[in-house]
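A short write-up of the structure that comes next.
The values are calculated or read from the model by the stated rules, or taken from the named source; none is laboratory data. No experiment lies behind these values; they were computed from the predicted model shown. FYI the Cβ positions are ideal-geometry reconstructions off the backbone, even for glycines, and counts take in every protein chain you see. Remember, those area values only see protein heavy atoms, side chains included, never the ligands or the DNA or RNA. Shrake-Rupley method; radii C 1.70, N 1.55, O 1.52, S 1.80 Å.
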Amino acid sequence: MSVPERVLIAGAGPVGLVAAANLVRSGVPVTMFEAGPALSDESRASTFHPPTLDMLDELGAAAPLIAQGLKAPRFQYRSRQHGLLAQFDFGRIADATRHPYRVQCEQSKLTRILLDWLRNAADFEIVFDSAVREVTQDDVGVAITLARNGGVETRAGRWLIAADGARSDVRRSLGIEFVGFTWPERFLVVSTPFDFRNVIPGLVEVSYLADPERWHFLLQTPTLCRVMFPIAAQESDELAVSPAFAQALMATVVPGIAHYDITHATLYRVHQRVAGTFQRGRAFLIGDAAHINNPLGGMGMNGGIHDAMNLTTRLAEVWHGRAPASELARYDRQRRLVTLEYIETQSIRNKRNLESDGVELGRSLRDIAADDVRTYDYLLGVSMIASLRRADQLG
């Protein structure tokens, strides 16, 4: 195989672009392939955790992202029956991060910040309308087959990074299983310019409300509030996306307010799946191509960015001859186990907590909040700092 001296990346979402930016700033040439005609405008993930902001700061992307976003230093749990259960402030872990807060900002803002910088780099190329379909490889490189311009093209490089999402064709072509399950519920995300902080006393930027019948959570961005509800298996997709149904759900948030200006409503199927391996030869899976989980706690995109930084930092060292190729095996060893131990476990626990009446949850959270050491450890966990430290321990 004739191998151009480049790393190939499939998928120009936030995770793929972080991988590209970290490689290019390290002097590694990158060619990126995006199936769409341009960067996606979808908001999708909109929470950036403290250690993710620290990583983005290394790429010069944190400051412009923060400028376009909303800082959220606090989050809280409530229940419909018992009101405010507990509130936490990331300021308590300011010694562990340069950014002791979440930033609420659409992921599409980050992708544009990164691509604007990458376009000025000599070692970067992006090719749109190009979906990676098949992968072959040998001891020196990887060849990919692209669906492009109504035909088929082939490109090659030394390594391939798959950031092509939950339905990854790269993962399929590599024959890697995607083990897990799909929740019977779907999630409906309703976006509105209404600011609930004006009508709910003490409400902060991120608030989870537990209820065994219909939980919800409120997440404020600079211009909209995103409200998420579970949709039961017996409620049809057609019902769930109907304007009347969305209004009926929104009417349960604040008694007495029965009509909202709804900007858009999006229905999601919710999965918990982890790839059987994150590496096969010279090809690697990151982000949703490697793992997907329910969005409660905002761990999906953040975990993907952590994948990207872990892998590409190692890959740059190998590229420049400062580390052996065996160093790359640490990526799968660290990130896959951390995904199973932390991201999957915590996101499932978050869902179960919200499905409760709040009594036991409130007791547990108040016990944590009353103890400085437990509060500190809890915040390290929900901020994802603990998972990064665990990855380092795995060697």
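Before moving on, here are some points about what is shown:
- Segments classed as strands (runs of 3 or more DSSP E), wholly inside region 63-124, with at least 3 members that are open to solvent by less than 40 Å² (accessible area, probe 1.4 Å): 74-79, 83-89, 102-104
- Among the numbered conditions (1) outside any helix (DSSP H, G or I); (2) open to solvent by less than 60 Å² (accessible area, probe 1.4 Å); (3) β-branched (Val, Ile, Thr); (4) closer than 26 Å to residue 22 by Cα, the only one that residue 204 does not meet is (4).
- Residues that are in a loop (DSSP other than H, G, I, E, B), free of Cβ contacts under 8 Å to residues at least 60 places away in the same chain and among the acidic types (Asp, Glu) within region 349-395 comprise just one, 371.
- Matching entry among 334, 393 (being over 19 Å from residue 48 (Cα atoms) and surrounded by fewer than 18 Cβ atoms within 10 Å (Cβ to Cβ)): 393
- In region 216-230, residue most open to solvent (accessible area, probe 1.4 Å) [restricted to those that are over 19 Å from residue 201 (Cα atoms) and of a type outside the set (S, T, N, Q)]: 222
- Residue 254 being among the aliphatic types (A, V, I, L, M), open to solvent by 10 Å² or more (accessible area, probe 1.4 Å) and closer than 18 Å to residue 79 by Cα: yes
- Cβ-Cβ under 7 Å pairs, at least 6 apart or on other chains, region 1-29 side within 26 Å of residue 41 (Cα to Cα), far side among the hydroxyl-bearing types (Ser, Thr, Tyr) and open to solvent by 30 Å² or more (accessible area, probe 1.4 Å): 13/40; 22/313
- Sole residue being in contact with a Phe, Trp or Tyr (Cβ under 7 Å, 6 or more places away or on another chain) and either loosely packed, with under 13 Cβ neighbours inside 10 Å or in contact (Cβ under 8 Å) with a residue 40 or more places away in the chain (or both), chosen from 266, 192: 192
- Of residues in region 3-61 being in contact with a Lys or Arg (Cβ under 7 Å, 6 or more places away or on another chain) and acidic (Asp, Glu), the one modelled with the lowest pLDDT: 5
- Residue-level check: of (1) under 25 Å from residue 71 (Cβ atoms); (2) without any contact (Cβ under 8 Å) to a residue 60 or more places away in the chain, residue 235 misses just (1).
- Among the conditions (1) farther than 19 Å from residue 374 by Cα; (2) more than 18 Å from the chain's Cα centre (by Cα), residue 88 misses just one, which is (1).
- Among the residues of region 151-181, not one is more than 22 Å from residue 17 (Cα to Cα), in a strand (DSSP E or B) and open to solvent by less than 20 Å² (accessible area, probe 1.4 Å).
- Counting only residues that are of a type in the set (Ser, Thr, Tyr), within 30 Å of residue 201 (Cβ to Cβ) and assigned to a strand (DSSP E or B), region 248-298 holds 1 of them.
- Filtering region 351-358 for residues that are over 26 Å from the mean Cα position of the chain (by Cα) and either modelled with pLDDT under 95 or more than 23 Å from residue 230 (Cβ to Cβ) (or both) leaves a non-empty set.
- Candidates in region 291-348 are the residues that are without any contact (Cβ under 8 Å) to a residue 40 or more places away in the chain and of a type outside the set (Gly, Ala, Ser); of these, the one that is nearest to residue 395 (Cα to Cα) is 327.
- Output for region 10-62, where each listed residue is among the hydroxyl-bearing types (Ser, Thr, Tyr) and in a helix (DSSP H, G or I): 52
- Of the residues making up region 300-308, one or more are in contact with a Ser or Thr (Cβ under 6 Å, 6 or more places away or on another chain) and within 21 Å of residue 283 (Cβ to Cβ).
- Extreme residue, surrounded by the most Cβ atoms within 10 Å (Cβ to Cβ), among residues of region 125-143 that are in contact (Cβ under 8 Å) with a residue 60 or more places away in the chain and within 21 Å of residue 38 (Cβ to Cβ): 132
- Some residue of region 319-334 being touching a helix residue (DSSP H, G or I) at 6+ places or on another chain (Cβ under 8 Å) and among the acidic types (Asp, Glu): yes
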